[in-house]
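Shown next, in structure tokens, is the structure this report addresses.
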Amino acid sequence: MPLRLSNHFPTTYILPIYSFRLSNLPWVSKISSISKSQGQVEGTVSLWFVKVVCTVYVRRKSSVKGVFISDYFRKNLNSPIAFSVIEHMVNNWNNPKLAFSFLEYTKNMLNLVHSIETYSFVLRSFCQVGVHDLAKQVINLMRIDGLLPDSSILGLVITSFVNAGKFEVAKELIIDHFRNSVGKDVVLSCFVINKLLNSWVKNNQVDEAVAFFENVILRSQSCSPDAYTFNIVISGLCRAGEVDKAFRFFNQMRSFDCLPDSVTYNTLLNGFCRAGNITKAHELLNEVCMVDECSPDVVSFTSVISGYCKLSKLEEALVLFDDMIDRGIRPNTITFNVIIDGFGKIGDIGSLQNMYEKMLSFGCTPDVITFTSIIGGHCRVGELHKGLKVWDEMNRRNLYPNVYTFSILIHTLCKESRLNEARDLLRQLKKRGDIIPKAFIYNPVIDGFCKAGNVDEANMIVKEMEEKRCKLDKLTFTILIIGHCMKGRMVEAIRLFDRMLIVGCVPDSVTINSLVSRLLKAGMPKEAFQIKKTALGVQVPQTDALCSKNIDITVALLRSPVRAFGQKSSILVVIRSSLMNVLEFMLIRVRFDFTTKTCSPDVTQMFDGEDMSLFWIFGSLKIDIKKIEVAHRLRHKHKHHGFTMSLTHLSKETIRRFGDGAGADNVIHGVCFQGDNLRAERGRGREKAE
């Protein structure tokens with residue numbers, strides 16, 4: 001690439017420098033002699049000199065004459081020559097880092113003041129090759145020299161940082177520019193500001209965009225926002241649901257000599273409708289109809305019509321639809337789609353069909369959304385057979401159903417217990433490589449097969465979900481867990497629960513309670529407690545061997561006020577007569593915390609609905625050393641019931657750890673029994689029981 005050295009300094013200055021003192025270096029003398037002998041022109045001599053400087057700079061650290069070279073550079077280098085050297089390093093050697101090193105070296109070590117053209121070239125080159133960190137350092141060097149990049153170069157640098165996703169650096173450059181350009185005729189282009197704001201909004205960083213716009217842009221004298229700037233911020237706020245704040249910015253536009261355009265109005269109309277404020281949206285539509293500088297279009301009317309349809313206000317939507325036609329605005333396919341969908345959701349199939357015919361009369365071509373809305377309307381009123389006919393019509397028109405078309409028909413087929421047809425639709429969905437479905441499409445089919453006892457088919461559907469990169473959600477796992485429990489596959493149900501936690505799907509109370517209750521009914525109390533403990537994240541302290549030995553306690557869960565019979569290794573507790581009206585029991589293992597004197601889990605939270613109404617009678621256990629004597633007397637008293645008492649879990653040391661022995665009212669006092677045929681009767685008070 002030809003260099004521009006000859007354009008930057010007098011030619012009479014080159015040859016003396018080229019031949020003086022550098023000739024003392026053997027390889028430089030050789031180059032000089034060749035150049036002179038060949039009688040090259042001055043431009044070529046300049047090129048040789050630039051190459052010499054580049055080579056000398058690269059070798060300066062390894063050369064024994066490094067000090068001499070630095071002294072030579074200091075005396076003979078100037079800004080134009082430095083520019084040509086940097087240009088050569090970037091364009092010919094493709095080494096921007098070396099060019100920056102030379103720039104920094106000549107500035108700091110040789111006190112060379114570079115021109116604005118040199119800095120601009122370096123910045124432009126660095127941005128083109130993506131060396132953003134060096135570009136930032138170049139700007140810092142410029143400020144040291146008291147130079148500022150012009151608006152075009154600064155805009156290029158900021159845009160390059162934005163494209164690289166370095167929004168904070170771009171923001172800092174803009175703020176520094178505003179601070180340093182006060183009183184100077186340097187105005188940053190709105191395009192650069194809009195680029196940063198739009199990138200923030202697209203990356204869902206609306207708060208950063210709004211704060212920068214409000215606190216920096218609107219207060220700066222170095223930049224004047226335009227309508228597009230306001231539109232970006234208003235659009236971001238509407239997407240974030242802050243339509244009222246967006247409307248406040250809309251009211252400020254005229255004070256900055258910005259006139260709202262159709263994009264501004266349509267964005268706000270859509271924002272108000274999405275927020276459910278259809279009244280405000282209609283008022284704004286009437287306003288835009290009266291302003292001279294902007295006229296409403298089909299998008300404006302369609303937004304408000306859609307808002308009315310979402311609120312099931314179809315009469316108001318039709319009035320606005322007729323008003324739009326009277327104003328000479330022709331409705332499009334989207335306009336008809338929102339009205340057809342509105343009629344379908346309220347089950348007005350007659351009006352839906354009329355609007356569809358009107359759509360055809362206006363020359364609007366129905367699309368997949370049109371037919372999906374019609375199918376949804378038929379299915380909602382129980383006309384599945386008509387919905388399937390529309391499905392066939394779509395296929396004849398070569399319109400490919402979308403994910404919602406599949407979902408509507410699959411849900412309706414499952415409601416009518418037509419699982420095999422729903423399964424066929426899933427097989428069709430499997431062949432569609434352009435659709436990545438969600439779990440809500442598969443869940444009704446999986447639920448149907450699980451309730452029908454065909455868990456294996458449900459598992460096959462789960463495999464298809466995974467092949468389609470569809471993640472199982474909370475409902476999917478709950479359906480599968482319950483389905484496996486109903487088939488007695490408790491181990492598989494527990495594995496599904498573990499997998500649910502592994503993939504980061506947090507179970508809710510329905511999932512936990514369903515699994516725990518079925519494990520208890522299956523005679524697996526230990527596994528039920530483990531599930532509950534895992535779900536609650538219970539940490540059991542293991543202070544010493546004694547605590548570990550006594551940590552697991554079996555308790556009785558009592559319900560109805562009748563005699564109860566326990567089977568094998570049961571436990572009975574002697575409690576106050578006020579609590580003795582609940583004696584029908586089931587067994588569960590709990591874990592006792594010696595520090596807090598409480599047991600985990602709270603079994604009253606394990607059951608929901610009318611499954612069981614349970615009492616946990618070991619909730620606030622306090623036993624002192626005196627209860628040992630009571631236990632011995634009870635052992636002899638109840639021998640005839642066919643059980644014996646065991647104190648292996650309650651040694652003296654263990655009892656001391658339970659509490660201070662203060663037996664307050666309503667405190668449950670207990671001792672453990674073991675036996676094969678345990679029968680309990682209503683107590684008549686602690687004193688009498690003793």
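The values are calculated or read from the model by the stated rules, or taken from the named source; none is laboratory data. What you see is a predicted model, and the numbers here were worked out from it, not measured in a lab. Counting neighbours? That spans all protein chains shown, and the Cβs are built from the backbone with ideal geometry, glycine included.
Could you count how many residues in region 187-232 are more than 17 Å from Ala170 (Cβ to Cβ), of a type in the set (S, T, N, Q) and modelled with pLDDT under 95?
The number of residues fulfilling the criteria is 3.
Check whether at least one residue in region 469-478 is over 25 Å from the mean Cα position of the chain (by Cα), part of a helix (DSSP H, G or I) and more than 17 Å from Leu520 (Cα to Cα), and report yes or no.
Checked against the condition, which is being over 25 Å from the mean Cα position of the chain (by Cα), part of a helix (DSSP H, G or I) and more than 17 Å from Leu520 (Cα to Cα), region 469-478 yields no hits at all.
Output the residues belonging to region 106-127 that are part of a helix (DSSP H, G or I), out of contact with any Ser or Thr (no Cβ under 9 Å at 6 or more places or on another chain) and surrounded by fewer than 16 Cβ atoms within 10 Å (Cβ to Cβ).
Those that are part of a helix (DSSP H, G or I), out of contact with any Ser or Thr (no Cβ under 9 Å at 6 or more places or on another chain) and surrounded by fewer than 16 Cβ atoms within 10 Å (Cβ to Cβ): Asn108, Ile116.
Counting only residues that are crowded, with 21+ Cβ neighbours inside 10 Å and more than 23 Å from Phe406 (Cβ to Cβ), how many does region 356-390 have?
Adding up the residues that qualify gives 1.
Based on what the data block shows, is Phe449 touching a helix residue (DSSP H, G or I) at 6+ places or on another chain (Cβ under 9 Å), farther than 30 Å from Phe336 by Cα and part of a helix (DSSP H, G or I)?
When the stated conditions are applied, Phe449 passes them.
For region 410-435, how many residues are in contact with a Cys (Cβ under 7 Å, 6 or more places away or on another chain) and of a type in the set (A, V, I, L, M)?
Result for region 410-435: 1.
Restricting attention to region 242-296, and to residues there that are small (Gly, Ala, Ser) and over 28 Å from the mean Cα position of the chain (by Cα), which single residue is surrounded by the fewest Cβ atoms within 10 Å (Cβ to Cβ)?
Restricting to residues being small (Gly, Ala, Ser) and over 28 Å from the mean Cα position of the chain (by Cα), the top hit is Ser255.
Among the numbered conditions (1) crowded, with 20+ Cβ neighbours inside 10 Å; (2) in contact with a Phe, Trp or Tyr (Cβ under 7 Å, 6 or more places away or on another chain); (3) of a type outside the set (Ser, Thr, Tyr); (4) more than 21 Å from Glu416 (Cβ to Cβ), tell me where Phe336 comes up short.
(2)
With respect to Thr534, determine if the residue is touching a Ser or Thr at 6+ places or on another chain (Cβ under 6 Å) and surrounded by 13 or more Cβ atoms within 10 Å (Cβ to Cβ).
Against the criterion (touching a Ser or Thr at 6+ places or on another chain (Cβ under 6 Å) and surrounded by 13 or more Cβ atoms within 10 Å (Cβ to Cβ)), Thr534 does not qualify.
Give, as residue ranges, the helices (runs of 4 or more DSSP H) completely inside region 339-414 that count at least 3 residues that are within 36 Å of the chain's Cα centre (by Cα) and within 29 Å of Glu316 (Cβ to Cβ).
By residue number, 368-380.
For region 257-290, how many residues are within 24 Å of Ser224 (Cα to Cα) and part of a loop (DSSP other than H, G, I, E, B)?
5
Give me the residue from region 132-186 that is in a loop (DSSP other than H, G, I, E, B) and at pLDDT 90 or above and, out of that set, surrounded by the most Cβ atoms within 10 Å (Cβ to Cβ).
Lys166
Determine which member of the set Met490, Met500, Met486 is touching a helix residue (DSSP H, G or I) at 6+ places or on another chain (Cβ under 6 Å) and modelled with pLDDT under 95.
Matching residue, one of Met490, Met500, Met486: Met500.
As an exercise: evaluate Val445 against (1) over 32 Å from the mean Cα position of the chain (by Cα); (2) closer than 19 Å to Asp473 by Cα; (3) β-branched (Val, Ile, Thr) and give the number of the one condition it does not meet.
Every listed condition holds for Val445 apart from (1).
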